[in-house]
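So the structure is just underneath, and the comments pick up after that.
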Amino acid sequence: MEKSGLNLIWIGLLALASFLVTYILVNQMALSREWFVFGHALISGSLLMAYLVWRQLSWTELRGDVRLGLIGAAVAGVLMIGFILVGPSSPSPTGLKLVWTILWLGVVYGFVDSMLLSVFPVLACRWIGGTDLLTKRGMLRPASIIAFALSLLLVAIYHLGFPEFRSAVMGTVLLGNGIITLSYLATGSALSPVLAHVAMHIVAVTYGYASALPVPPHY
């Protein structure tokens with residue numbers, strides 16, 4: 001089977017898995033946020049790792065230009081953090097539990113989400129425009145537009161598994177994740193979406209642990 005056909009299979013597999021993970025673990029089992037992240041990291045993370053191995057992508061390819069990646073992360077991260085800080089705050093854990101919360105719900109949760117919702121869609125669409133999708137940056141190139149649309153589709157499918165996002169709130173989620181994905185398309189460096197998403201999660205759990213939108217579920 002051609003690489004394009006295999007990519008379509010991977011897209012369908014990740015889309016289905018992303019919905020089932022949230023729908024079953026949250027909608028059906030009502031797991032705590034910590035245990036949901038464990039299941040999400042185990043299932044989604046394993047599939048993403050398998051995809052990266054299949055594509056034989058090196059860290060250098062993913063990293064791209066470090067300087068551009070850090071700039072993109074700073075711009076997207078500041079915007080995401082700004083969205084959180086204008087919302088309501090809520091008490092966060094303290095002491096060692098705060099350290100664990102930052103590592104688990106901030107770093108791990110943010111990393112898996114960024115790889116699934118921003119990095120994977122761009123990588124999966126590279127076959128449309130060849131490897132130039134990342135080496136020749138340009139958000140208006142056909143492959144980039146398709147990758148952005150796929151990212152938004154995956155964002156919607158993934159978040160529909162959470163009951164709290166089956167409303168107009170989905171628009172806010174699409175906007176935020178869309179900005180993060182654009183930072184990847186603009187810089188060609190996976191550092192942009194990963195660092196921006198992780199920063200957003202860290203601020204979310206330290207500023208609005210019980211209320212911030214980016215770290216569902218909220219029961």
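Give me a count of the residues in segment 70-113 that are outside any helix (DSSP H, G or I) and in contact (Cβ under 8 Å) with a residue 60 or more places away in the chain.
So the first thing to find is which residues in segment 70-113 are outside any helix (DSSP H, G or I), and the list is 86-94.
When the remaining residues are screened for being in contact (Cβ under 8 Å) with a residue 60 or more places away in the chain, the result is 87-93.
Qualifying residue count for the region: 7.
Just to be sure I understand the filter: pairs with C-beta atoms under 6 Å, separated by 6 or more residues or on different chains, first member in segment 196-216 and under 28 Å from R63 (Cα atoms) and at pLDDT 95 or above, second member polar (S, T, N, Q) and not in a helix (DSSP H, G or I). Which pairs pass?
The qualifying pairs are T206/S92.
Note down all Cβ pairs under 6 Å where the first residue falls in segment 39-56 and is under 15 Å from S118 (Cβ atoms) and touching a residue at least 12 places away in the same chain (Cβ under 8 Å), the second is surrounded by 16 or more Cβ atoms within 10 Å (Cβ to Cβ) and not aliphatic (A, V, I, L, M), and they're at least six residues apart or on different chains.
Between residues of segment 39-56 that are under 15 Å from S118 (Cβ atoms) and touching a residue at least 12 places away in the same chain (Cβ under 8 Å) and residues that are surrounded by 16 or more Cβ atoms within 10 Å (Cβ to Cβ) and not aliphatic (A, V, I, L, M), the close pairs are Y51/W10.
Any residue at all in segment 121-140 that's of a type in the set (A, V, I, L, M) and modelled with pLDDT of 95 or more?
First pass over segment 121-140, keeping only residues of a type in the set (A, V, I, L, M): 122-124, 128, 133-134, 139-140.
Still in the running and modelled with pLDDT of 95 or more: none.
No, every residue in segment 121-140 fails to be of a type in the set (A, V, I, L, M) and modelled with pLDDT of 95 or more.
Give V203, V194, V173, V215 a once-over and let me know the one that is out of contact with any strand residue (DSSP E or B) (no Cβ under 7 Å at 6 or more places or on another chain), of a type in the set (A, V, I, L, M, F, W, C) and assigned to a loop (DSSP other than H, G, I, E, B). Don't jump to the end; show me each part of the working.
On the way: V203 fails: assigned to a loop (DSSP other than H, G, I, E, B); V194 fails: assigned to a loop (DSSP other than H, G, I, E, B); V173 fails: assigned to a loop (DSSP other than H, G, I, E, B).
Selected residue: V215, the only one of V203, V194, V173, V215 that is out of contact with any strand residue (DSSP E or B) (no Cβ under 7 Å at 6 or more places or on another chain), of a type in the set (A, V, I, L, M, F, W, C) and assigned to a loop (DSSP other than H, G, I, E, B).
With respect to S58, determine if the residue is surrounded by 14 or more Cβ atoms within 10 Å (Cβ to Cβ), more than 17 Å from the chain's Cα centre (by Cα), more than 23 Å from I157 (Cβ to Cβ) and not β-branched (V, I, T). Talk me through it step by step, then tell me what you get.
Numbers: surrounded by 14 or more Cβ atoms within 10 Å (Cβ to Cβ): no; more than 17 Å from the chain's Cα centre (by Cα): yes; more than 23 Å from I157 (Cβ to Cβ): yes; not β-branched (V, I, T): yes.
No: the conditions fail for S58.
Take segment 1-26 and flag every residue that is buried (at least 17 other Cβ atoms within 10 Å of the Cβ) and modelled with pLDDT under 95.
Once the filter is applied, which keeps residues that are buried (at least 17 other Cβ atoms within 10 Å of the Cβ) and modelled with pLDDT under 95, segment 1-26 yields N7, W10, I11.
Just to verify a result, which residue in segment 27-55, among those that are of a type in the set (F, W, Y) and surrounded by 14 or more Cβ atoms within 10 Å (Cβ to Cβ), is modelled with the lowest pLDDT?
Filtering segment 27-55 for residues of a type in the set (F, W, Y) gives 35-36, 38, 51, 54.
Checking which are surrounded by 14 or more Cβ atoms within 10 Å (Cβ to Cβ) leaves us with 36, 38, 51.
On the way: F36: 98, F38: 98, Y51: 94.
Ranking the candidates gives Y51 first.
The values are calculated or read from the model by the stated rules, or taken from the named source; none is laboratory data. Computed from a predicted structure; not experimentally measured. When we count neighbours, we look across all protein chains shown, and the Cβ atoms used for this are built from the backbone with ideal geometry, even at glycine.
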